[in-house]
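Remarks on the structure that follows.
The values are calculated or read from the model by the stated rules, or taken from the named source; none is laboratory data. A quick note: this is a predicted structure, and the numbers were derived from the prediction, not measured. Cβ coordinates were reconstructed from backbone atoms using ideal geometry, including for glycine residues, and neighbour counts include every protein chain displayed. When the accessible area is computed, the model is the full protein with side chains, heavy atoms only, and any ligands, DNA or RNA have been set aside. Shrake-Rupley method; radii C 1.70, N 1.55, O 1.52, S 1.80 Å.
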Amino acid sequence: MFGKGVWSRQGYDGTAIMIVFVTGASAGFGTAIAKRFLADGAKVIGTGRREVRLEELKKELGPNFHPLTFDVGKRQQVETAIAGLPGQLAAVDILVNNAGGAIGLDPAQSADLDDWDAMIDSNIKGLVYCTRLLLAGMVERKKGHIINLGSVAAEFPYPGGNVYCGVKAFVRQFSLSIRADLLGTNVRVTDVEPGLAGGTEFSEVRFKGDKEKAAAVYKGVQPLLPEDIADTIHWVATRPAHVNVNIVQMMATNQAFGPLAVKRDS
């Protein structure tokens, strides 16, 4: 547990307080991830666009939670926010690129380009901006961990997934590629790829506020929960320094793979 000793240049050995930067911390996975690390005594910088919600979390979670309001898809906002981190929080040990999500489930030929832009902004641009701006310091300090939230959609496409599946495939390849770049730096990179997960705003956002459609996604099944994702990320982050977990792919027990679709002439 971090409260008994945390990260040092040698890894999880109990000599310093860890600083964890979590994007999309105002709800769902992000809030659960923040809580999981805070429970061990880490300092968590929780980011998001909803300032009021982040301030509520600050009151709930205590002085080790540091809210930071900005839009990850806006490069200038990201640059300003990270450049303005106070000295005691600037040396980030773990970046959890959690912000993102899906909007819409229409086929490509009728999808809304604004929805596509929004998914690219949050899932790709936000991830690469935060990574680039925090990575140089990790390399200089010869320690750090980039943990990216991918999806099983990176490997298993589905109708209506189009851009969402594409951006998550990007997350996987970007994670593996920067892992290659970072060889010899002691900085680790992991892509965590959940499947069906409930207890978040994911489906409500995808269906643009239609609660009935969102609820139907989880009807009759126990999905993964935000705490499951948070526990997995915590486990990945606390492996010994010589261990890099490249990819974690996880599904609810009652989710699996389907056959390839075939359209037959009637």
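Roughly what % antiparallel, to the nearest 5, for the DSSP beta bridges in segment 1-158?
10
Express in nm, to one decimal, how much length is gained between residue 177 and residue 217 on full extension, taking 0.36 nm for each residue of separation and deducting their alpha carbon distance.
Gain on extension, residue 177 to residue 217, equals 11.1 nm.
Once R0 is set to 45 Å, what does the formula 1/(1 + (r/R0)^6) return for the Cβ-Cβ distance between residue 79 and residue 262, expressed as a FRET efficiency to the nearest 0.05?
About 0.40, to the nearest 0.05.
Greater than 31 Å separation of Cα atoms is the criterion. Which listed pairs, 143/211; 125/263; 168/213, meet it?
Correct reply: 143/211; 125/263.
Considering only the other residues whose Cβ falls under 13 Å of the Cβ of residue 23, what net charge follows from Lys and Arg at +1 and Asp and Glu at -1? Write down the numbers at each step before the final one.
Details: positive: 49, 50, 74, 125; negative: 71, 121.
Result for the neighbourhood of residue 23: +2.
Compare the peptides 58-66, 87-95, 190-198, 257-265 by average per-residue count of other Cβ atoms within 10 angstrom and give them in order, highest first.
Descending mean neighbour count gives 190-198, 87-95, 58-66, 257-265.
Restricting to bridges with both residues inside the chain, how much of the DSSP beta-bridge set is antiparallel, in percent to the nearest 5?
So the antiparallel bridges in the chain amount to around 5 percent.
Ranked from highest to lowest mean number of other Cβ atoms within 10 Å per residue, what is the order of the peptides 122-132, 20-30, 176-186?
20-30, 122-132, 176-186
Using the basic label-point model (7 angstrom from Cα toward the beta carbon), what is the residue 132 to residue 250 distance in nanometres?
My value for the distance between the label points is 3.1 nm.
Could you name the aspartates and glutamates whose alpha carbon sits less than 18 Å from that of residue 74, not counting residues in the same chain fewer than 8 places away?
51, 114, 115, 117, 121
Working with all protein chains in place, sort 145, 242 by solvent-accessible area computed with a 1.4 Å probe, largest first.
242, 145
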